[in-house]
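Take a look at the structure set out below.
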Amino acid sequence: INAEYGGRASITRMSVRFGILGAASIAQKFCQSVKDAPNAEVFAIASRSLDRARAFAEEHCPDAKVYGTYEELLQDPEVDAVYLPMPTSMRTEWALQAVSSGKHILSEKPLAPCAQDAQRVVDACSAAGKLYMDDTMFMHHARTSAMLAALEDTESFGTPSLVGSCFSVNIPEEALRQNIRASQSCEPLGALGDLGWYNIRFSLWAFKYETPEAVSCHFHELTEEGVPLALTATLRFTEGRVATFDNSFKTSLRQWAEVSSSECTLTLQDFVVPQQEEARFRLSTGSIGDKALYFPAAEISETAVECVQHTALVEKYASMVLSGEHDDFWSRVALQTQLVVDACMRSGQQDGVWVQLQDKA
């Protein structure tokens with residue numbers, strides 16, 4: 001430890017030592033992301049089964065320490081930060097234990113089953129001077145910065161007024177019955193939390209992180225326990241601006257998004273996870289005519305940007321931990337996203353009634 005920034009200690013080492021709480025399958029991707037980041041390492045892995053932790057480490061992080069309980073990992077003074085891949089229902093408890101043990105937190109999403117729990121974690125991290133970030137990868141892709149520059153060129157693009165997006169993935173019926181994504185005890189927010197989180201974050205990003213005035217969400221399929229499997233939602237913003245999205249565990253992979261003004265539209269086919277390292281987006285416009293047989297789109301530009309967003313996220317997070325210069329934006333936008341998810345959940349449980357939000361971000 002060396003200098004402090006507003007009570008936040010920096011670290012003299014060249015890499016952040018991550019501990020992973022849980023040998024979930026999603027943690028495999030995290031290990032690869034860390035492996036490719038020059039300023040981070042997977043230092044320890046814990047599972048509630050020591051054998052499972054050993055098997056995970058052997059395959060994905062062979063140099064990591066292995067623990068048979070989460071508590072043991074949190075007591076390791078050499079661990080700087082923890083990654084939380086466990087089910088949403090468990091994250092609040094272990095995030096709070098992690099920050100009380102002096103660890104920074106990188107969390108899978110949603111942050112918690114509800115915004116009240118998420119607020120507790122954010123407040124605890126703030127009070128302890130610990131960094132809190134959620135693992136929304138596309139935020140860290142260089143393409144996102146390039147798209148923002150296009151949207152901010154209002155002379156060319158105009159003012160964004162409509163956002164549309166979708167994120168769906170087909171999980172076969174039998175597999176879904178056994179998947180924690182459909183379990184009330186593990187993932188009570190279902191497709192809304194697992195998939196809709198990304199659509200909500202993209203919509204907030206497009207409208208400069210303004211909280212919507214109100215949301216309406218319809219659940220089209222639920223488990224017997226009430227976990228949403230398919231849904232559509234509308235977010236209503238000031239000045240008539242609107243964002244819409246749909247999610248499903250029953251539809252083939254779709255992850256397109258678009259932002260439109262009266263002048264043109266920004267479109268991408270893979271906003272959550274790029275289809276390839278060179279990720280693209282298009283700006284286009286068009287017109288109609290009374291006698292036109294076709295309405296061709298006039299492409300303004302197509303931009304390709306190379307980046308591995310999973311590694312970019314780890315690098316960004318680690319750089320803030322190492323320097324002690326934490327950007328509170330990341331915890332604020334994570335909590336804001338959770339608040340909108342909560343509002344959509346309440347709306348869906350009431351057959352799409354409009355739920356009002358107050359700007360707490």
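Some points to look at:
- Taking a straight line from the alpha carbon of Lys65, these lysines sit under 17 Å away, with near neighbours fewer than eight places off in the same chain left out: Lys35, Lys103.
- Qualifying lysines (Cα of each under 17 Å from Cα of Lys208; at least 8 residues distant if same chain): Lys360
- Over the stretch 1-139, the ratio between the Cα radius of gyration and 2.2 N^0.38 Å evaluates to 0.99.
- All distinct Cα pairs of the stretch 143-191 go into the 1/r average, and the inverse of that average, the Kirkwood radius, is 14.4 Å.
- Debye-sum result for the stretch 87-163 in log10 I(q)/I(0), which assumes one identical scatterer on each alpha carbon, at q = 0.28 Å⁻¹: -1.25
- Label-to-label distance for Ala298 and Leu50 is 7.1 nm, based on points extended 7 Å past Cα in the beta-carbon direction.
- To put it simply, the accessible area of the stretch 113-168 at a 1.4 Å probe is 48 percent carbon and sulfur.
- Between Ser25 and Lys291, the C-beta separation translates, for a Förster distance of 56 Å, into a calculated FRET efficiency of about 0.50.
- A DSSP coil position with no more than 16 other Cβ atoms inside 10 Å describes the following trypsin sites (Lys or Arg not before Pro) in the stretch 15-92: Arg48.
- Contour excess over end-to-end distance, with Cα ends at Ala142 and Gln269 and 0.36 nm allotted per residue: 44.1 nm
- Formal net charge of residues neighbouring Leu73 (Cβ-Cβ distance under 13 Å; K, R +1; D, E -1): -1
- Neighbourhood net charge (10 Å Cβ-Cβ; Lys/Arg +1, Asp/Glu -1) for Thr285: -2
- At R0 = 30 Å, FRET efficiency that the Cβ-Cβ distance of Glu152 and Gln350 yields, to 0.05: 0.20
- Whole-angstrom Cα spans of the stretch 215-255 along principal axes, big to small: 38, 24, 9
- Accessible surface, the chain, averaged per residue in Å² (probe 1.4 Å): 45
- For the chain, calculated [θ]222 nm from helices alone, where every DSSP H run of n ≥ 4 adds -39500 (n - 2.57): -10000 deg cm²/dmol
- Relative protection proxy for 127-133, 101-107, from highest mean packing down: 101-107, 127-133 (other beta-carbon atoms within 10 angstrom).
- Compactness of the stretch 188-245, expressed as Rg and Dmax over alpha-carbon positions, Å: 12.2, 39
- Cysteines in the chain that lack a partner Cβ within the 4.7 Å cut-off: Cys31, Cys61, Cys114, Cys125, Cys166, Cys186, Cys264, Cys307.
- Its Cα gyration tensor gives the stretch 223-361 an equivalent ellipsoid. The semi-axes, each the square root of 5 times an eigenvalue, are 30, 26, 17 Å from largest down.
- Computed over protein heavy atoms with a 1.4 Å probe, the carbon and sulfur contribution to the accessible area of the stretch 217-361 reaches 47%.
- Calculated FRET value between Cys186 and His218, using beta carbons and R₀ = 22 Å, to 0.05: 0.40
- Reduced Cα scattering model of the chain, Debye log10 I(q)/I(0), q = 0.10 Å⁻¹: -0.64
The values are calculated or read from the model by the stated rules, or taken from the named source; none is laboratory data. Note that this is a predicted model, so its numbers are computed, not measured. Every residue, glycine among them, receives a Cβ derived from its backbone with ideal geometry; neighbour counts consider all protein chains shown. The accessibility values were calculated without ligands, DNA or RNA, using every heavy atom of the protein model including side chains. Shrake-Rupley method; radii C 1.70, N 1.55, O 1.52, S 1.80 Å.
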